[in-house]
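I have placed the structure first, in the form of structure tokens, so that the comments after it can refer back to it.
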Amino acid sequence: MAISVVMPALEMAQETGKLLAWRKKEGQATVKGEPLLEIETDKAVVEVEASADGILAGVKSHEGDVVAVGAVIAWILQPGEALPAEASAAVMSAPSARAVTAPATTSVAATSVAAVAKESGGVGGDAAAKISPKARRLAKEHGVDIALIHATGPDGTISTEDVLAYVAAANAAPAAAARPAPATGGEPLGQIARIMAERTTQSWTTVPHFFVTREVDATALLAYQKIAAAASDKSGATRVTINDVLIALVARALRKHPRINSSWTGDNIRSNPDINISVAMAVSDGVVGAVIHNADKTALGEIATQRRELSERARGGKLRPADISDGTFTVSNLGMFDVDAFTAIITPPQAAILAVAKIVERVVAVDGQIVVRPMLTVTLSSDHRVVDGARAAGFLNDVVDAIRQPEKWLRD
């Protein structure tokens, strides 16, 4: 039986994926579980495995093509089997799906909305332009006339990326008109660095961030990690780190605060049934978010094992679709880089991210006495459309309590 190979949906709001490379050539044998192709999403470069044994055939998409989620890009056949009739289904080619970039401007007049639309190839007043529901909501939020937006989606559909590109171009035009021409040369961005630049810009310019910071005594956290690490060393399991304990504690605190674990969908708030912690991991040219699914139900030792495996695959560029999908909350720890405190940018459609700094000994007052304690600064960035100040403070209070009493919070 012929098995279709489709562009997978790896993210909650994903509409397309870019095919970077086939690991097998047409006519070559495939083995279930072996790498079949690499795709690029808004978050990372991901390796997709073959879903069955067979022979790769009917390849319709090639390197560089941007393809709609769910579109058939090839088939896996058994020896002697013919391609099914639907193998001729069309896919979107890369040139028609490229994101719109900010247009070059030669005068202040080009900063107007109409000028930006004209220069970037808008649909020229077509009132019947096709547009995805999410993109329509986003356009409404920004007060953008959809007739002015250049469509790059399947069959001329306006996507959310088209709306964001239009808004970015319109906002950038006044500044671009006043700036001198940039110098040539410079360091080219890698794929992950470019994705990170695009996503952080999108988040920072469209998500209303606000921040809540707490400083907490990490004495109990350090003691708990030391005991857990010794136990894992003795058993030969993955060594438990401070980050592993924090991931486990944050996941359990999220149980009491479902709004923090929710997502903004464009015009409403979606409550996520699972608590999936996305862990920010540094790679050669940027940062990726690898996900530990159902972290609130996962034992500390298993969290450590998954975190190490995800880190190894991230560094090797071998992340799988499940490794980056369905994250509901992010933990970003820069303590190993001697950072005293920082604020992090939210990863949409998540509603919040926790920034964790280094643990450092400080002079503090305890019960009227001056003492030296290992102190940790944590900062919660929240989407104000989903989380208000009281909810953010309540969640961070429980995170602080969990850090002070890890044994109590990790009894299950």
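The values are calculated or read from the model by the stated rules, or taken from the named source; none is laboratory data. Just so it is clear, the model here is predicted, and its values are computed rather than measured. All Cβ positions, glycine included, derive from the backbone under ideal geometry; neighbour counts span all protein chains shown.
Some notes on this structure:
- Flag for Ala365 being in a strand (DSSP E or B), free of Cβ contacts under 8 Å to residues at least 40 places away in the same chain and buried (at least 16 other Cβ atoms within 10 Å of the Cβ): no
- Here Ile158 clears all of (1) surrounded by 21 or more Cβ atoms within 10 Å (Cβ to Cβ); (2) of a type in the set (A, V, I, L, M); (3) at pLDDT below 80 except the condition numbered (3).
- Residue within the stretch 15-34 that is surrounded by 19 or more Cβ atoms within 10 Å (Cβ to Cβ), closer than 21 Å to Ala290 by Cβ and either out of contact with any His (no Cβ under 9 Å at 6 or more places or on another chain) or at pLDDT below 90 (or both) present: yes
- When the stretch 41-70 is filtered for residues that are part of a loop (DSSP other than H, G, I, E, B), among the β-branched types (Val, Ile, Thr) and buried (at least 20 other Cβ atoms within 10 Å of the Cβ), only Thr41 remains.
- Evaluation of Arg252 against (1) farther than 25 Å from Ser311 by Cα; (2) at pLDDT 95 or above; (3) more than 17 Å from the chain's Cα centre (by Cα) (one fails), failing number: (1)
- Test: Ala290 is touching a residue at least 12 places away in the same chain (Cβ under 8 Å), surrounded by fewer than 18 Cβ atoms within 10 Å (Cβ to Cβ) and among the hydrophobic types (A, V, I, L, M, F, W, C): no
- Every residue from the stretch 16-40 that is β-branched (Val, Ile, Thr) and assigned to a loop (DSSP other than H, G, I, E, B): Val31
- Scope the stretch 188-227; condition assigned to a helix (DSSP H, G or I) and touching a helix residue (DSSP H, G or I) at 6+ places or on another chain (Cβ under 6 Å); matching residues: Gln202, Ala220, Leu221, Tyr224, Gln225
- Residues of the stretch 267-283 satisfying the condition of being more than 17 Å from the chain's Cα centre (by Cα) and either modelled with pLDDT under 90 or not assigned by TED's automatic domain parsing to the domain that holds Ser332 (or both): Asp267
- Among residues of the stretch 62-98, those that are among the hydrophobic types (A, V, I, L, M, F, W, C), modelled with pLDDT under 85 and more than 16 Å from Ile39 (Cβ to Cβ), counted: 4
- When residues of the stretch 296-325 are limited to those that are of a type in the set (D, E, K, R), buried (at least 16 other Cβ atoms within 10 Å of the Cβ) and closer than 22 Å to Ala253 by Cβ, the one farthest from the chain's Cα centre (by Cα): Glu302
- Residue tally, condition of a type outside the set (D, E, K, R) and outside any helix (DSSP H, G or I), over the stretch 293-345: 22
- Pairs with Cβ under 6 Å, 6+ apart, first in the stretch 251-275 and surrounded by 15 or more Cβ atoms within 10 Å (Cβ to Cβ), second among the charged types (D, E, K, R) and not in a strand (DSSP E or B): Ala251/Asp296; Arg252/Asp296; Ala253/Asp398; Arg259/Arg391; Trp264/Arg385; Gly266/Lys134; Gly266/Arg137; Ile275/Asp296
- Close Cβ contacts (under 7 Å, 6 or more residues apart or on different chains) running from residues in the stretch 197-213 that are not assigned by TED's automatic domain parsing to the domain that holds Ala344 to residues that are among the aromatic types (Phe, Trp, Tyr) and surrounded by 18 or more Cβ atoms within 10 Å (Cβ to Cβ) are absent.
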